[in-house]
1. Using θ = phi - 60° and the Karplus form 6.51 cos²θ - 1.76 cosθ + 1.60, what ³J(HN,Hα) does each residue of the stretch 50-63 get, whole Hz, x for Gly and Pro?
2. Please give the contour-minus-distance gain from VAL185 to TRP23: 0.36 nm per residue of separation, less the Cα-Cα distance, rounded to one decimal in nm.
3. If I compute solvent accessible area with a 1.4 Å probe over the protein chains, what percent of it on the stretch 19-115 is carbon and sulfur?
4. Under 20 Å Cα-Cα from LYS49, which lysines qualify once same-chain neighbours fewer than 8 residues away are excluded?
5. Which of the lysines could a cross-linker bridge to LYS149, judged by Cα under 16 Å and excluding same-chain residues fewer than eight apart?
6. Could you sort LYS27, LYS110, LYS49, LYS58 by accessible area so the largest value comes first, with the probe set to 1.4 Å?
7. Determine the sum of side-chain charges near TYR46: Lys and Arg each +1, Asp and Glu each -1, restricted to other residues whose C-beta is under 14 angstrom from that of TYR46.
8. Where does each of 77-84, 100-107, 2-9 land if you order them by average Cβ count within 10 Å, highest first?
Amino acid sequence: MQVLLQVWAEQYVTDTDTDELRWREVKEMPPPADMIASPYDPEARYSTKRELAWVGYKVHLTETCDSDMPHLLTNVETTPATTPDDNMLAVVHASLATRDRLPDEHLVDKGYTDAHVLVDSQRQYGVTIVGPVAEDPSWQAQAGAGFAKADFLIDWETQTATCPTGKLSLSWLVNPDATKPETTVVRFSRRDCSPCPARAQCTWDYSHWVEHEALRTARRHQHITAFQVQYAARAGIESAHAQAVRRCGLHQPERERDV
């Protein structure tokens, strides 16, 4: 009864103007991670990934992928469908570490390659993450025009930035937004920027320096042939898993893989 009452409350509300019961608008409903998607399974959640939509869970499979060794599953983690993939690598690595099964390299898809994951996996477990990362989303980087973040010269020791036109930054603010604790915002003088003929081409903020450098290095690396060869093994594993279970997974030592 408690589950049915919660489902009812999530779907319906009494209109304050008419005092009549009505369906909740989407903006009035709880986020998918909190909302019961099926009264038959209160822990199942609704989620989407590319063209796939489902109510249920995710499974993260870790499998060895050395070419000269048998491919073995070394770890399985199940989460609600709404749990972001990049939240899971720390969990997977902690589990593998307790059994001395950590890989040197972990091949994963783009969902697992957030900047903080690239840094934390290497720092905490000595595991190198191998996988495609998101490209710079700024219009400058996408269009190949204007000044993207990579065009600025950053001196992390002195906490200064130099723009492509040679102007030095005025301030360096670390964690100015409590909701984004790994952010550094660099500001330039209005006297330099206002009359600058390239002002409309500019970008503005910078992520934390360790993550920024890790992400920039990964973006460069994923466009070279060596990365394609290194990452090709995971593509074969994902295809086999997709045919077998139509779900997602992962890998093991010396090299492992996330599907």
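1. Taking θ as phi minus 60°, the curve returns 6, 8, 9, 10, 7, 10, x, 9, 10, 10, 10, 9, 10, 9 Hz for the stretch 50-63.
2. Taking VAL185 through TRP23 to full extension adds about 54.1 nm, to one decimal.
3. 54
4. LYS58, LYS110
5. Excluding near neighbours in sequence, the set is LYS167.
6. Solvent-accessible surface, decreasing: LYS27, LYS110, LYS49, LYS58.
7. -1
8. Listed from highest to lowest mean packing, they are 100-107, 77-84, 2-9.
The values are calculated or read from the model by the stated rules, or taken from the named source; none is laboratory data. This one's a predicted model, so the numbers in the text were calculated from it and none came from an experiment. Cβ coordinates were reconstructed from backbone atoms using ideal geometry, including for glycine residues, and neighbour counts include every protein chain displayed. Areas reflect the complete protein model, heavy atoms only, side chains present, ligands, DNA and RNA absent. Shrake-Rupley method; radii C 1.70, N 1.55, O 1.52, S 1.80 Å.
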